Amino acid sequence: MSGCQPGTKFSIRVMIVNSQGQVLLGLKKKGYHASYWIFPGGQIEFGETVAQCGTREVWEESRLQIEIKGLLGIASEIQNNKHVVFLHLLASGDGCPQVTEPEEVLEWRWFDTGRLPDKTTLAARNAIGKYQQGQAIIPV
């Protein structure tokens, strides 16, 4: 195997469901999934649990406090010579999200699961579908 092969990156994504049954999505400004609506999330730091990472990333990106329910699913994508594995966590939370990283996300918005924007990532759509179908949640 060549040393020039691209690496695989792991990313935590958090599907937050509010008390009205809506999910939080952010419009990505640049990088992977630019111009698509995504769940908040990011990279796990050394020593963190998956749940701690999800909680921290949501707070850093939106200033929302959430309660992690568990692991909803895993998605793997290869796009433009990049391989990313997404761990989708399910969380509950409410509030008015703030854009704290305007260089990364243009806006955060709550959406009804039946009325998602056209440019919602396939991984997010699949996670929402699993949730709607009653997918079992694995504690983390």
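No other residue among Val50, Val58, Val85 is closer than 12 Å to Ile12 by Cα and touching a Pro at 6+ places or on another chain (Cβ under 6 Å) apart from Val58. The residue of the range 1-44 that is farthest from the chain's Cα centre (by Cα), among those that are modelled with pLDDT of 95 or more and charged (D, E, K, R), is Lys29. Across the range 4-40, the qualifying residues are those that are hydrophobic (A, V, I, L, M, F, W, C) and not in a strand (DSSP E or B), and the one among them that is farthest from Cys96 (Cα to Cα) is Cys4. Tell me, yes or no, whether the range 59-68 has at least one residue that is touching a residue at least 24 places away in the same chain (Cβ under 8 Å), over 19 Å from Ala127 (Cβ atoms) and assigned to a loop (DSSP other than H, G, I, E, B). Scanning the range 59-68, I find at least one residue that is touching a residue at least 24 places away in the same chain (Cβ under 8 Å), over 19 Å from Ala127 (Cβ atoms) and assigned to a loop (DSSP other than H, G, I, E, B), so the answer is yes.
Of note, Leu71 does not satisfy the criterion of being touching a Phe, Trp or Tyr at 6+ places or on another chain (Cβ under 9 Å), at pLDDT 95 or above and closer than 12 Å to Arg13 by Cα. On inspection, Trp108 passes the criterion of being surrounded by 14 or more Cβ atoms within 10 Å (Cβ to Cβ) and in contact (Cβ under 8 Å) with a residue 24 or more places away in the chain. The single condition among (1) part of a strand (DSSP E or B); (2) hydrophobic (A, V, I, L, M, F, W, C); (3) in contact with a strand residue (DSSP E or B) (Cβ under 6 Å, 6 or more places away or on another chain) that Ile78 does not satisfy is (3). Restricting the first member to the range 31-48 and to residues that are charged (D, E, K, R), and the second to residues that are surrounded by 11 or more Cβ atoms within 10 Å (Cβ to Cβ), the beta-carbon pairs closer than 8 Å and six or more apart or on different chains are Glu45/Cys53; Glu45/Arg56; Glu48/Arg56. If you filter the range 111-135 down to residues that are touching a Leu at 6+ places or on another chain (Cβ under 9 Å) and of a type in the set (A, V, I, L, M), you find that the one that is surrounded by the fewest Cβ atoms within 10 Å (Cβ to Cβ) is Leu116. Looking across the range 79-105, the residues that are polar (S, T, N, Q) and touching a residue at least 60 places away in the same chain (Cβ under 8 Å) come down to Asn81, Ser92.
Checked against (1) part of a loop (DSSP other than H, G, I, E, B); (2) closer than 21 Å to Gly129 by Cα; (3) in contact with a Ser or Thr (Cβ under 9 Å, 6 or more places away or on another chain), Leu87 passes all but condition (1).
The values are calculated or read from the model by the stated rules, or taken from the named source; none is laboratory data. This is a predicted model, so every value here is computed, not measured. Cβ sites come from the backbone with ideal geometry, for glycine too, and all protein chains shown count toward neighbours.
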